[in-house]
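The values are calculated or read from the model by the stated rules, or taken from the named source; none is laboratory data. Only a predicted model underlies this, so the values are computations on that prediction, with no experimental measurement involved. Neighbour counts are summed over all protein chains in view; Cβ atoms, including those assigned to glycine, are modelled from backbone coordinates with ideal geometry.
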Amino acid sequence: MIPGLANRRRFSDLSEQEILALAISSEEDDARIYRSYAERLRKDYAASAAIFEAMAKEEDTHRHWLIERHRQRFGDTIPLIRREHVAGFYARRPVWLVENLTLDRIRNEAEAMERDAAAFYTRAAQRTEDADTRKLLGDLAAAEAKHEAKAGDLAERHLDEDAKDEEDRAAHRQFILTWVQPGLAGLMDGSVSTLAPIFATAFATHDPWTTFLVGLAASVGAGISMGFTEAAHDDGVLSGRGSPVKRGLASGIMTALGGLGHAMPYLIPDFWTATTLAIAIVFVELWAIVWIQNRFMETPFLRATFQVVLGGALVFAAGVLIGGG
């Protein structure tokens, strides 16, 4: 079970008042983020900083419109509801906390922010029956789409080389969200979580065939569970993470493969030969996880290595100790 998921509301279950409250809090957050970007860029890119300041002011204006609409429809008391309270809702990564953000990185994040916001307002307008509220949400969707184009112009103004084509950036981002993130989560779960039952069985029984059956059951079961969980908890409409079926397949298949990698050697009849090969494959799996985190998720190599190796070593040790005992 995903921690905290049980306490989150589905977007389809929100009332019109809650949708307006969610829009208000989202505009507040985005204005703060744009001002932090402006502060980062002010020294080297004054013109771009001014653009982000203007975008923040527009977000403030949007918030005022939304508050006024809420006051007219529902009164002065605005429900406290934020992005993290809604299942599948797009989240803002805290990249503005990172030192020395490049203009290209800021531009990519700003484009993603506006794309997500425009999709939210479009979806919200479809859920609204009140004509004036629907018009306001539709106008905000159009405004956020204009912001996306404005953010996309920033790098063209200041980057002399390595400017990425918009379609390539969008395709790469979608590839990460739809395939890499769920696949990586599945590989980590399958590779690490199955270590304990497989090696506990191996050292408890010294029977390769029994160990293989346990590993096969653990891997397939974990793959099915992870696949359905990934597909069911987020339909991808608001988060922009793509098809739930594709994400479920990526997560489920990689989970199963992560466990089967060190279960397959136990088809070898000799226990110690199979175990030695399985341990070697575990190192290959952990190395693959580290490489993916560093290559696609921009996790520092040493930190990724420490996290993965430490977690894998602890689970492996638990399995050996339990099985040997």
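Any residue at all in the range 90-103 that is assigned to a helix (DSSP H, G or I) and at pLDDT 80 or above? No.
Take ALA56 and tell me if it is in contact (Cβ under 8 Å) with a residue 24 or more places away in the chain and exposed (fewer than 13 other Cβ atoms within 10 Å of the Cβ). Taking the combined requirement at face value, the residue does not satisfy it. Among the residues of the range 14-51, those identified as modelled with pLDDT under 85 and of a type outside the set (Val, Ile, Thr) are ARG40, LEU41, ARG42, LYS43, ASP44, TYR45, ALA46, ALA47, SER48, ALA49, ALA50. For the range 253-311, a residue qualifies if it is among the polar types (S, T, N, Q) and within 26 Å of PHE203 (Cα to Cα), and the qualifying residues are THR255, THR273, THR275, THR276, GLN307.
Taking the numbered list (1) surrounded by fewer than 16 Cβ atoms within 10 Å (Cβ to Cβ); (2) closer than 28 Å to ALA87 by Cα in turn, ALA280 passes all entries but (2). Among the candidates LEU314, LEU302, the residue that is over 17 Å from MET188 (Cβ atoms) and not aromatic (Phe, Trp, Tyr) is uniquely LEU302.
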